[in-house]
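For reference, the structure is listed below as structure tokens.
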Amino acid sequence: MPGIQQSRFLPYTCEQMFDLVADVGSYQEFLPWVIATRVKSDSETEMVVDMLVGFKAIREKFTSRVEKRCPEHIEVFYLDGPLKDLDNTWSFVPAKGGCEVDFRVKFTFRSSMFEALAGQYFDRAFRKMVGAFEARAHELYGSSSSSAQSVA
């Protein structure tokens, strides 16, 4: 199953990064290829969401269940869509001056042809997505956790 993991220090609190990642309803505003999202249910610990993603003429809808443990962990469980499987986790660990963000994603397409195609672009797409989350954090919270706390 193709996948990637990345850890990064960011100058924001775990709560800020948790809130940003948990705000699935805003993904279409800043994430590449996300056309629309619909939060079907949401509670303090769990949500069910539909996400419409697209690239050029291709459009696919995913449904996922998201488990939330604020402020340290978000785990996404794939329910329905074009994939065979999808594992996605976010962890947020406090660190001096911010937090360490660990993001992991693994997936398997139903079609081996799509999986081979996706494998060629996955690393680049993943980096673009991680960059989009970082840019969004900077936009929402400023350039450091101290300025972020004064903005929040």
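The values are calculated or read from the model by the stated rules, or taken from the named source; none is laboratory data. Bear in mind the structure is a predicted one, so any value in this text is a computation, not a measurement. Cβ placement follows ideal geometry from the backbone for every residue including glycine, while neighbour counts extend to all protein chains displayed. What goes into the accessible areas is simple: the full protein's heavy atoms, side chains included, and nothing from ligands, DNA or RNA. Shrake-Rupley method; radii C 1.70, N 1.55, O 1.52, S 1.80 Å.
For a straight C-alpha distance cut-off of 19 angstrom, the aspartates and glutamates reachable from residue 84 (same-chain residues fewer than eight places away being disregarded) are 50, 60, 75, 115. Return the FRET efficiency for the residue pair residue 8, residue 45: r is the Cβ-Cβ distance, R0 is 25 Å, and the value is rounded to the nearest 0.05. The formula returns an efficiency of 0.45 here. By the helix-only formula, in which each DSSP H run with n ≥ 4 contributes -39500 (n - 2.57) and the sum is divided by residues, the chain has a 222 nm mean residue ellipticity of -10500 deg cm²/dmol. Taking amide H as placed 1.01 Å from N in the peptide plane, residue 84 has its amide H under 5 Å from the amide H of 108, 109, 110, each at least 5 places away in sequence or on another chain. With a 1.4 Å probe rolled over the protein heavy atoms of all chains, the accessible area of 73, 138 falls in the order 138, 73, largest first. Computed over protein heavy atoms with a 1.4 angstrom probe, the accessible surface ordering of 92, 9, largest first, is 9, 92.
Excluding residue 89 itself, what net charge comes from residues whose Cβ is under 9 Å from its Cβ, given Lys and Arg +1 and Asp and Glu -1? Around residue 89, the surrounding residues sum to -2. Computed over protein heavy atoms with a 1.4 angstrom probe, the accessible surface ordering of 74, 58, 4, largest first, is 58, 4, 74. With K and R counted +1 and D and E -1, the other residues having a Cβ less than 15 Å from that of residue 39 yield a net charge of -3. Near residue 99, the amide H atoms lying under 5 Å from its own belong to 10, 12; only residues 5 or more places off or on other chains count, and H is placed 1.01 Å from N.
For the stretch 59-143, the orientation-averaged shadow of the C-alpha convex hull comes to 6.6 nm² (one quarter of the hull surface).
With contacts taken as Cα pairs under 8 Å at a separation of at least 6 residues, the stretch 33-81 carries a relative contact order of 28 percent. Look at the alpha carbon pairs under 8 Å that are at least 6 residues apart: their mean separation over the length of the chain gives a relative contact order of 26 percent. Size estimate for the stretch 21-75 follows the Kirkwood approach: the inverse of mean 1/r over distinct Cα pairs works out to 11.8 Å.
Under the convention that each Lys and Arg Cβ holds +1 and each Asp and Glu Cβ holds -1, the size of the dipole of the chain around its Cα centre is about 540 debye. With contacts taken as Cα pairs under 8 Å at a separation of at least 6 residues, the stretch 38-112 carries a relative contact order of 20 percent. With the Kirkwood sum run over all distinct C-alpha pairs, the chain has a hydrodynamic radius of 16.1 Å.
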